[in-house]
1. Hey, could you check region B:59-71 for residues that are farther than 18 Å from B:Glu29 by Cβ and outside any strand (DSSP E or B) and say which is nearest to the chain's Cα centre (by Cα)?
2. What's the total number of residues in region A:58-83 that are acidic (Asp, Glu) and either away from every other protein chain (no Cβ under 13 Å) or touching a Phe, Trp or Tyr at 6+ places or on another chain (Cβ under 6 Å) (or both)?
3. A:Val38 versus (1) more than 12 Å from chain B (Cβ to nearest Cβ); (2) crowded, with 16+ Cβ neighbours inside 10 Å; (3) part of a loop (DSSP other than H, G, I, E, B): which is the lone unmet condition?
4. I need the full set of residues from region B:14-52 which are touching a Phe, Trp or Tyr at 6+ places or on another chain (Cβ under 8 Å), in a loop (DSSP other than H, G, I, E, B) and aliphatic (A, V, I, L, M), in order please.
5. Pick from region A:13-27 the residues that are outside any strand (DSSP E or B) and of a type in the set (Gly, Ala, Ser): which of them is farthest from A:Leu208 (Cα to Cα)?
6. Using the structure shown, decide if B:Glu20 is acidic (Asp, Glu), more than 12 Å from chain A (Cβ to nearest Cβ) and free of Cβ contacts under 8 Å to residues at least 40 places away in the same chain.
7. I need a count of the residues in region A:113-130 that are surrounded by fewer than 24 Cβ atoms within 10 Å (Cβ to Cβ) and either in contact (Cβ under 8 Å) with a residue 24 or more places away in the chain or closer than 18 Å to B:Ile45 by Cβ (or both).
8. Could you please tell me which pairs satisfy a Cβ distance under 6 Å, a separation of 6+ or placement on different chains, a first residue in region A:235-260 that is under 30 Å from A:Gly205 (Cα atoms), and a second residue that is small (Gly, Ala, Ser) and part of a loop (DSSP other than H, G, I, E, B)?
Amino acid sequence: MIPGDTPLQIGSHSFDSRLFVGTGKYATFSQMREAVDVSETECVTVAVRRINMGPGESLLDFLDTERITLLPNTAGCFNADDAVRTARLAREALDSELVKLEVLADETTLLPDPLATLAAAEALVADGFTVLAYTNDDPIIARRLEEIGVAAVMPLGAPIGSGLGILNPRNIIAIKRAASVPVIVDAGVGTASDVTVAMELGVDGVLLNTGIAAADQPVRMALAMKHAWMAGRAAWLAGRMPARELAMPSSPTTGMINAS
Amino acid sequence: MAGPPVQVTLNGESRDFPAETSVSELLTEVAPQGGRCAVEINRSIVPRSRHCEHTLQDGDVIEVVTFVGGG
């Protein structure tokens, strides 16, 4: 946590780190564990899938759940019913009311389906879930999700896995300005500066997966991401200088020796 | 004396189990290392508290899920 800052509060959960990390796409479970540890995240996303009926390692063997909160997602769901069903299965398996709600419109764009997301959010909130809702960068959809009672809105920076960064910063600012629940940018982060840019917009956190897992050196990138969120958050709290059209000297303009 | 085996669909595949197989017994085969998982039969979650009592029926469509890596 940045000195003087407050922890990020989501439902009954409190996080000092404002970085959330996904556990998918790593070369090995060991690499995933190392990246997660180095990032110092306190919350990772996990997906819900059919059990692999055979011997072998399992993801949860590589996560210290004493220290790290698991956030199940509804990835792979393309309608509200499947998302609700998946969230309920996750809750049964984990005894946790937390869910990252994702309802995607199609497999090509991987963009969230706003109408299905609203419907699923309504059902899950009514069923007692603490819903973190993945959405597009539309301030109106974000407002509707908040009205429904989600615990956090998660606008995308860019499409999932694209690494294009924060494509629409003005909309992210608008979402944050209007929100009274935490705003966590999720998806599209490609490198450390994208995380810093997001945090400097004033959002409450950033979630990323591919930006770390698909880097040439994921563990090194995880370290970069840790510094990136802290730099962005501290800069936001510090209050940046106003941008100016014209230059202004940084050294005194008096007391100079005679010019030649 | 137990009845004939039951035929179910388990995670998309057709399987036979002895009559009176409970969900707990199913899991000892399907998830031998234990770990976090959830069981859904015919679109209805069978809570952990009922795993010992709930027995598989002929025609059941069963999903057993766990957590994997994801973003």
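The values are calculated or read from the model by the stated rules, or taken from the named source; none is laboratory data. No experiment lies behind these values; they were computed from the predicted model shown. Ideal geometry is used to build each Cβ from the backbone, glycine not excepted, and the neighbour counts take in all protein chains shown.
1. Let us first name the residues in region B:59-71 that are farther than 18 Å from B:Glu29 by Cβ, namely B:59, B:67-71.
So of that shortlist, the ones also outside any strand (DSSP E or B) come out as B:59, B:70-71.
Numbers: B:Gly59: 12, B:Gly70: 24, B:Gly71: 27 Å.
Per the stated criteria, the residue is B:Gly59.
2. Taking region A:58-83 as the starting set, the residues that turn out to be acidic (Asp, Glu) are A:61, A:64, A:66, A:81-82.
From what's left, either away from every other protein chain (no Cβ under 13 Å) or touching a Phe, Trp or Tyr at 6+ places or on another chain (Cβ under 6 Å) (or both): A:64, A:66.
So the count comes out to 2.
3. Only one criterion is unmet by A:Val38, namely (3).
4. Correct list: empty.
5. Going through the qualifying residues, I end up with A:Ala27.
6. Numbers: acidic (Asp, Glu): yes; more than 12 Å from chain A (Cβ to nearest Cβ): yes; free of Cβ contacts under 8 Å to residues at least 40 places away in the same chain: yes.
So B:Glu20 passes the test.
7. Looking only at region A:113-130, we keep the residues that are surrounded by fewer than 24 Cβ atoms within 10 Å (Cβ to Cβ), and these are A:113-116, A:118-119, A:122-123, A:125-128, A:130.
Remaining after also requiring either in contact (Cβ under 8 Å) with a residue 24 or more places away in the chain or closer than 18 Å to B:Ile45 by Cβ (or both): A:113-114, A:116, A:118-119, A:122-123, A:125-128, A:130.
Number of matching residues: 12.
8. Once the first residue is under 30 Å from A:Gly205 (Cα atoms) and sits in region A:235-260, its partners that are small (Gly, Ala, Ser) and part of a loop (DSSP other than H, G, I, E, B) give A:Trp236/A:Gly202.
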